[in-house]
Amino acid sequence: MSERSPPSTQPRSSTRYPAARGGSFVFLVSVLAALSGGVRAGPLDELLEALRAERAEQAKELSGREARFRTERDQRKQILEETRAELARERAESDRLRAAFDANQQKLREQEAVLAERTADLGDLGSIIRQVAGEVAAITAESMAGAHDPARSQAATALVQGKDLPTLAEIEGLWSLMLEEIAAGQRIRRDSLPIVVADGLERPVEVIRIGPFTAWADGAFLRYLPETARFLSPARQPSARLRAVMAGHHAGQAAEVVIDPTRGSLIALEGQRADLRERIHQGGAIGYVILGLGALGLVAALLRMLNIGLMGARMDGSRRHGQPSETNPLGRLIRVSRDNPSLDAEALGLRLDEAVLAETPRLQRGIGFVALMAAIAPLLGLLGTVTGIIETFQAITLFGTGDPRLMSSGISQALVTTVMGLLVAIPMLLLHNLLHERSGELVARLDEQAAGLVAERAAGEAGRARAT
């Protein structure tokens, strides 16, 4: 019979499952041996002993495993407790660091507020410095001195584009650039520089640069191009008077120079000014008609003035000599008096009045034409104004008001014809007044001399009457 092992006091574990399976197997073998009856007891005892030995060995092994498990459990429990203590310490350190971080953040905000308060004036100063730097950068970029050093305005440009407060070195650099520009404004330099001529090619010539105001080379004013740091020789130049001044300075014959305070704008505008021929062409057909009529009126006025002057000189000769003549009105009056000795004073007076009336249209001939030209010229100018305005409105209708140059032709015609009409009418009025006065003087002299001849005839008749 098999003996059942006593219940183990060890904790239940997965390591006891093989022992349980071994006990069942021994029990099964014992039952089979008892039932068979033919099995001897010797081998069975040996088997039982082997089973017991195996069982004892397994129990010993299980006891070792349990001891190792408890040891490992205690170690892990200690590690867990140490880890929990470390976690508590880390949490305490984290809380301390968080509190320190919050305190530092509060201090940082306070310091930033103090810094903002203390640097408010510095910020305003930085804005002023950047504004000045922008103005200096614009001036130096447009300055003619950039032809010698194209990169001179980069420091001021970098200062304008910066975000931080300007450093002391940057401020000193800006100050140096301003001093250089001021110094360049009082120098007259002669350098060999490349200029762009009318055909688009570059060639080196001697350039006279008067500060940042005027540049002269090869008998022409130059225009500075900041984009390429080159000088350009424009095709249209200012008046000959300005060119003569610069030519004299270039030749060393005069100390006078031409200075453009706008750094080239006035000289360019002077060069774009239209000359007399272009002004006349802007007047169009009506302008040419006005000038033609003005020329006719001027010729007629000059001829009439010359004729009146010669007539006055001849009348003076006839008055001095008292001789009749067919070359002047007074000579013809004397001839009328000499040819009618039988007429009495009253009849002679009537005859002389008739002769004066006949001479008056001859003396005033052509004066009306001058007055007519003086009246027609402003009317033609007004006509040109109206046609120019019509042309301007036609351009506006077709192209709009986007480009004023499309309207310049009509506006030029409107203004130029008005100017032409006034320029012709004003001298014509003056000449007409002068001719009218001169002719009136000659008529008055004829009346005076006629009255003298009548008085002389009356005196002769009175003498003869007294003699008889």
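The numbers here are math on the coordinates, done by the rules we state, and not lab data. Values in this document were obtained by computation on a predicted structure and should not be read as measured data. Every residue, glycine as well, gets a Cβ built from its backbone with ideal geometry; the counts of neighbours run over all protein chains shown.
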**Request:** Determine, for each peptide in 360-372, 323-335, the mean count of other beta carbons within 10 angstrom over its residues, then list the peptides with the highest first.
**Result:** 323-335, 360-372
**Message:** Between Ala347 and Ile182, what is 0.36 nm times their sequence separation minus the Cα-Cα distance? Round to one decimal in nm.
**Reply:** 50.1 nm
**Given charges at beta-carbon only (K, R positive; D, E negative), |dipole| of the stretch 187-273 in Debye** = 160 debye
**Request:** Return the ratio Rg/(2.2 N^0.38 Å) for the stretch 170-220, where Rg is computed over Cα atoms only.
**Result:** 1.47
**Prompt:** Using the eigenvalues of the Cα gyration tensor, what equivalent ellipsoid semi-axes result for the stretch 187-273 when each is taken as the square root of five times the eigenvalue, whole Å, largest first?
**Reply:** 18, 15, 13
**Request:** Using just the alpha carbons, could you tell me how many Å³ per residue the convex hull of the chain encloses?
**Result:** 460 Å³
**Message:** What distance in nm separates the two pseudo spin-label positions at Arg189 and Val245, each 7 Å out from Cα along the beta-carbon direction?
**Reply:** 2.3 nm
**Request:** Compute the distance in nm between two label points, each set 7 Å from the Cα along the Cα-to-Cβ direction, one at Arg365 and one at Glu202.
**Result:** 7.3 nm
**Modelled label reach - Leu303, point 7 Å along Cα→Cβ, the stretch 424-453 residues with backbone N closer than 19 Å** = 428-429, 431-436, 439
**Item:** For the stretch 119-184, alpha-carbon Rg relative to the globular expectation (2.2 N^0.38 Å, N residues)
**Value:** 1.11
**Inter-label distance, nm, simple model (7 Å from Cα along the C-beta direction), Glu172/Leu423** = 6.2 nm
**Item:** Segment Glu57-Gln394, length gained on full extension (0.36 nm per residue, minus Cα span)
**Value:** 108.7 nm
**Ellipticity estimate at 222 nm from DSSP helix runs (n ≥ 4, -39,500 (n - 2.57)) divided over the chain, nearest 500** = -25500 deg cm²/dmol
